[in-house]
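Report on the structure given below.
The values are calculated or read from the model by the stated rules, or taken from the named source; none is laboratory data. Note that the coordinates shown come from a computational prediction; the quantities given were computed from them, not determined experimentally. Here the Cβ is made from the backbone with ideal geometry for all residues, glycine too, and neighbour counts use every protein chain on show.
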Amino acid sequence: MTPDRHGSAVIEFPNDLEIVTTREFDAPIELVFDVLTKPEHVRKWFAPFDCEVTVCSIDLRVGGNYHIVFVTKDGTECSFRGTYLEIDPPGRTVETWLYDGWPEAEAVETVELSEARGVTKLTMKLAFRDQAGRDHMTKFDGQEDSFDKMEDYLRSLRGKAL
Amino acid sequence: MLISEYIRSVARASTTSDVFNAVAEAHRREILDALISGEKAVGTIVNDLSMSQPQVSKHLRVLSEVGLVGYRAEGRRRLYYLEAARLRPLHEWLAKYERAVNDRLDRMDDYLQELQQGERQ
């Protein structure tokens, strides 16, 4: 069995307005593109561990909208939505990105895929309109709590493994 | 110090002494960068960064309020130095964010593996 790539995402803050995440997957580019853009696939991985995807609609065409909602155990809804600006399968999509919790922090997300020797590299760039928007991501306001829960859960899993 | 004063100062500290706020400003990050190589007087920072002296002094005040820089007197000059340990909240936040992003992409990875194993069978 090949070692997995867990924990290998690279997150960079190249300037005041952008967050760039890169990650490699051992899968062909067409499959990675489908898993990122087809609702039946997105449902399987989008929500954090203690959450459930309740809405997942993706109208994959220029001008089409997507809307993904997951609900935490305590009933908090986390809703993400946007409109596709560019679609160029299987290598690229550009869409607006809005988390309903921070309606003033709209961003443009660019997703790019490239494949080499069976490994597909994913690059996701979130570009915020202004620094105040990006800084939501560096403060993490209300989300802090659910990430703390996730951290505890991960720790409990590690505890079991020992 | 009276306990009431103490509580007030702590309460004030919790709203103003935010490391995230302090480094959100690009000029303040430049000043921190300038101090990586060692302690410097205000005049040296002004020269290095082509900012005005009042501007640098204002930013240094914010940075020292949150504890990111300290200073010591040398003759009539004040030498500012970096308190890198105070960057820890940023570090911790980043680690948390990385875990969250990693977690989602790891789930996507596992799912891709499942799909591909399904195809092979």
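Cβ separations smaller than 6 Å between residues 6+ apart or across chains give the following pairs from region A:6-35 residues that are facing chain B (nearest Cβ under 7 Å) to residues that are among the acidic types (D, E): A:H6/B:D106; A:I11/B:E98; A:F25/B:D109.
Evaluate the following for A:S79: is it more than 14 Å from chain B (Cβ to nearest Cβ), modelled with pLDDT of 95 or more and farther than 21 Å from A:K125 by Cβ? Quick ask: steps written out before the conclusion?
Values: more than 14 Å from chain B (Cβ to nearest Cβ): yes; modelled with pLDDT of 95 or more: no; farther than 21 Å from A:K125 by Cβ: yes.
Considered against the rule, which asks whether it is more than 14 Å from chain B (Cβ to nearest Cβ), modelled with pLDDT of 95 or more and farther than 21 Å from A:K125 by Cβ, A:S79 comes out as no.
Among the criteria (1) free of Cβ contacts under 8 Å to residues at least 60 places away in the same chain; (2) more than 20 Å from B:G118 (Cβ to Cβ), the one A:T76 does not fulfil is (1).
In summary, helices (runs of 4 or more DSSP H) completely within region B:41-121 and bearing 2 or more residues that are more than 14 Å from chain A (Cβ to nearest Cβ) and more than 30 Å from A:L31 (Cβ to Cβ) occur at B:42-49, B:53-65.
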